[in-house]
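Coordinate-derived values only; no laboratory data. No experiment lies behind these values; they were computed from the predicted model shown. Note that each Cβ is placed from the backbone with ideal geometry, even for glycine, and that neighbours are counted across all protein chains shown.
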Amino acid sequence: MTWLIAFKGPSGYSAKHTAEDVTKEVDGKGLTAIVTGPTSGIGLETARVLALRGVHVIMAARNVESATKCKETIIKGSPSATIDVMQLDVSSLESVRSFANEYISKGLPLNILICNAGVMSLPFGLSKDGVENQFATNYLGHFHLTNLLLDTMKSTAQKCGIEGRIVIVSSEVHRMSYKGGIVFDKLNDEKSYSSFYAYGQSKLANILHAKELARRLKEEGANITVNALHPGVIATNLSRHSSFSACFYGVFSIFQKNVPQGASTTCFVALNPKVKGVSGEYFADNNVAKPSGPAKDAELAKKLWECGMELTSSK
């Protein structure tokens, strides 16, 4: 089931448009993009469409074998596509640093960073770094990755004169986090853990990350934008761990998007010229949308930034 009714927003696009639709007139040749979580769902479609538009795509994947098969499939459909596969497990700060060091050592440029990889409503567990798994994977790993690659993005933007773009995939579920938004003092507390609220917290953190980084880059005068987005309600394997999620997707099946529609907002924010100069915003259905009150809290964003720096300082 896909969207039956969708209204165009100021961008001229709606929930019905696909990733190919919103990038139809875009020539991405000469651009390089990293896509995390590129082996299924909207991550795979994002990688495919960016490659279709001429972008050199780096598939940053936990499972290299799976990513290599995906690369081969994409190239069959787009023989001129330029794609490389690199190993990255965003739930591990050591893996994030190894990936960043390898990327930098290759001397590759970086125009677009798409933070797409994610997990949803997992049973309680801690990452290798001792951080709750959803917070570690959805937020902290991408926070660390972004910081490690920022100088490369700044240098690329300066050399080529083209705006760099950081795209962070969040969710409307950011509205359903714990009371107070981010429970800094109980991030790793199993007793107070709720798989659904923890997911909402990690997605709220994604938006706050985009807001604070956008503020910092603007203050610095860097030619890089940062935006977060809600891809839409899409039935993918992301929700496989949660009975609540299965119910949620079932009840709202009439509003579900297919995968090409689900990847559209990511590709729109990453490539479409209509987004040039727009930073620190939250997008949905290929248009700027309004996030929750906590997601607009500048002090909360700064506190989260400090938390992220503390958790990654020795990594």
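Of the DSSP H helices in the chain, those with a Cα length along their own long axis of 15 Å or more and a mean Kyte-Doolittle hydropathy reaching -1.0 comprise 41-52, 64-77, 93-105, 141-160, 195-220, 298-312.
The stretch between residue 306 and residue 176 holds 44.5 nm of extra length on full extension. This uses 0.36 nm per residue minus the Cα-Cα distance. GNM, the chain, Cα, under 10 Å: largest mean-square fluctuation among 290, 276, 159? Fluctuation is largest for 159. Under 15 Å from the Cα of residue 257, which aspartates and glutamates turn up, not counting those fewer than eight places away in the same chain? Candidates past the 8-residue exclusion: 20, 21, 45, 172, 285. Taking amide H positions as modeled 1.01 Å from N, with prolines and chain starts lacking one, the residues under 5 Å from residue 289 and 5 or more places away or on another chain are 282, 283, 284. Here the Gaussian network model covers the chain, with springs between Cα atoms less than 10 Å apart; of 271, 140, 304, 304 fluctuates the most.
Volume per residue of the convex hull around the Cα atoms, evaluated for the chain, comes out as 124 Å³. Mean-square fluctuations from a GNM of the chain, with a 10 angstrom spring cutoff on Cα atoms, peak among 213, 113, 126 at 126. Straight Cα distances below 13 angstrom link residue 302 to the aspartates and glutamates 212, 310, with same-chain residues fewer than 8 positions distant left out.
Stretched out fully, how many nm does the piece from residue 94 to residue 25 gain, at 0.36 nm a residue minus the Cα gap? Walk me through the numbers on the way to the answer.
Working: separation 69, 0.36 × 69 = 24.84 nm, distance 3.91 nm.
Length gained, residue 94 through residue 25: 20.9 nm.
Test of the criteria: in region 10-47, which GluC sites (Glu not before Pro) are in a DSSP loop and have at most 10 other Cβ atoms within 10 angstrom of their Cβ? Intermediate values should be presented prior to the final figure.
Values: sites: 20, 25, 45; in loops: 25.
Within region 10-47, the qualifying GluC sites (Glu not before Pro) (loop, at most 10 other Cβ atoms within 10 Å) are 25.
Sequence-ordered 3J(HN,Hα) estimates for region 286-291 from the Karplus curve with 6.51, -1.76 and 1.60 and θ = phi - 60° stand at 6, 9, 5, 10, 9, x Hz, glycine and proline given as x. Annotation note: chymotrypsin sites (Phe, Trp or Tyr not before Pro) in region 1-70 located in DSSP loop regions with a Cβ neighbour count of at most 16 within 10 Å are 7. In straight-distance terms, cross-link reach from residue 303 covers every one of the lysines whose alpha-carbon lies under 26 Å from its own, apart from those fewer than eight places away in the same chain; here that gives 128, 154, 179, 186, 191, 203, 211, 218, 290, 315. Over region 128-228, Cα pairs under 8 Å with separation of 6+ residues give a relative contact order of 39 percent. Taking a Cβ cut-off of under 14 Å around residue 35, the surrounding Lys, Arg, Asp and Glu residues balance to a net charge of +3, with basic ones at +1 and acidic ones at -1.
Short-range pairs are left out: with C-alpha atoms under 8 Å and at least six residues apart, the relative contact order of the chain is 23 percent.
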